[in-house]
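Each remark here refers to the structure printed beneath this line.
Read the figures in this text as sums done on the coordinates, not as results from a lab. All of these numbers come straight from a predicted model, not from anything done at the bench. Cβ coordinates were reconstructed from backbone atoms using ideal geometry, including for glycine residues, and neighbour counts include every protein chain displayed.
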């Protein structure tokens, strides 16, 4: 574990030096001058500010921690796209030099081009992050569901409420879900970003409690609730506003279908899917919430009819989706598995790290489930 951490920090530091060297060179070519004794400490403070916010959140005043996290969050986005753009810029400089353009002019031309590209990326990414969309799906489950002919489900995952994603974006969720007039609302994990303190301090639970539906709102834990270490405070805060957080539990709703909420994969003591559905009346539809889409086949093999997941953010910032696509059988969207399970993975409503989305959008899933026995009458 220690060796892996050292390796990650070494690679991260190397990337910062690579970016910093280019920035320092560009500043000098513009005619500016910042002494190395000033530039590098300030640059290091910016590049490691997210880490400082995480490690020192209990030691630093809250405004300082919040500032560090905001700076660090945006830096993660700038860093990723700088690492992608700067090698191209280096090649462009060599090409311009080969075309007899002077070295200073080559650096300035490519430098301004990189800055313009980063501004456009961050602007577009910010819009995608803060402007949620609704993704609509319709599926059929070949079972009777008591008196229900159909069920309208609203799903939101990965809110990441904390210092970056706050009340304004949460209000967008509440308004967006309520506009759908769903029968039931499912929060598929990572409601918290990490620490529970902002959730309690800003009373985000009270705002979540304003979500309206026929059968209520239910939630499960995600990996970030475990990372933050405040589950014992989070659970009663959600219960207080009428949102049960399901921990390897099930509930039979309106004598029509079962909702099963799994502990996150982070909890190694969680039950397997077969154990969770044991003893249930499988003639009724079975719906599962499981934050990470890592056990979809296991869920299908257990006879579940529909599952909802989050976690992947669809990579959040392209081309990261190429990585999540390799890790998970279904990293985003919908898939019908084993001719039985309707599996859904959301890209999430909030963001982790930078409030930037490229190649993904902040979203709410609107799933209409029709029950075949009624359709066939």
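For the stretch 233-377, calculate the relative contact order in percent as a whole number, restricting contacts to Cα pairs under 8 Å that are 6 or more residues apart.
On the way: 241 pairs, mean separation 23.7, N = 145.
Computed over the stretch 233-377, the figure is 16 percent.
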Highest GNM mean-square fluctuation, the chain, Cα pairs closer than 10 Å: which of 69, 282, 263?
-> 282
For the chain, set up a Gaussian network in which alpha carbons nearer than 10 Å are linked by springs, and say which option among 113, 99, 179 fluctuates the most.
-> 99
List the relative contact order of the stretch 2-129 as a percent without decimals, with contacts defined as Cα pairs under 8 Å and 6+ residues apart.
-> 24 percent
Roughly how tilted is helix 2-29, in degrees to the nearest 10 and between 0 and 90, from the longest Cα axis of the chain?
-> 50 degrees
Given that compact globular proteins tend to follow 2.2 N^0.38 Å, what is the ratio of the alpha-carbon Rg of the stretch 2-129 to that value?
-> 1.20
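How high is the relative contact order of the chain, in percent, with contacts defined as C-alpha pairs under 8 Å that are six or more residues apart? Mind dumping the intermediate values first?
On the way: 722 pairs, mean separation 78.7, N = 377.
It rounds to 21 percent for the chain.
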At each listed q (0.15 Å⁻¹), what is the log10 of I(q)/I(0) that the Debye formula gives for the chain modelled as equal alpha-carbon point scatterers?
-> -1.30
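With a ≥ b ≥ c the root eigenvalues of the C-alpha gyration tensor of the stretch 62-131, is it rounded (a/c under 1.5), prolate (a/b larger than b/c) or oblate?
Values: a/c = 3.47, a/b = 2.37, b/c = 1.46.
Since a/c reaches 1.5 and a/b is larger than b/c, the shape of the stretch 62-131 is classed as prolate.
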Calculate how steeply helix 62-98 sits against the longest principal axis of the alpha-carbon atoms of the chain, using the helix alpha-carbon long axis, and give the answer as 0 to 90 degrees to the nearest 10.
-> 60 degrees
For helix 103-130, report the angle its Cα long axis makes with the longest principal axis of the Cα atoms of the chain; keep it between 0 and 90° and round to the nearest 10°.
-> 20 degrees
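Rank these for me by crowding, 183, 267, going from fewest to most other beta carbons within 10 Å.
Working: 183 20, 267 16.
So the ranking, lowest neighbour count to highest, is 267, 183.
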Kirkwood calc, the stretch 158-290, C-alpha pairs only, radius in angstrom 15.3 Å
Find the all-direction average of the projected area of the Cα convex hull for the stretch 287-377, expressing the result in square nanometres with one decimal place.
-> 6.4 nm²
What whole number of Å gives the distance from the Cα centroid of the stretch 105-155 to the Cα centroid of the stretch 186-255?
-> 23 Å
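By the gyration tensor of its Cα atoms, with a ≥ b ≥ c the square roots of the eigenvalues, what is the shape of the stretch 49-100: rounded for a/c under 1.5, prolate for a/b over b/c, or oblate? Don't skip to the answer; put the middle values down first.
Numbers: a/c = 5.40, a/b = 4.83, b/c = 1.12.
Taking the square roots of the gyration eigenvalues as a ≥ b ≥ c, the stretch 49-100 is prolate.
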Taking every DSSP bridge whose two residues both lie in the stretch 138-266, the antiparallel percent to the nearest 5 is 40 percent
Using Cα centres only, tell me the gap between the stretch 69-87 and the stretch 302-343 in whole Å.
-> 27 Å
Which percent, nearest 5, of DSSP beta bridges in the chain are antiparallel?
-> 35 percent
Could you check which residue among 196, 174, 288 shows the biggest mean-square fluctuation in a GNM of the chain with a 10 Å Cα cutoff?
-> 174
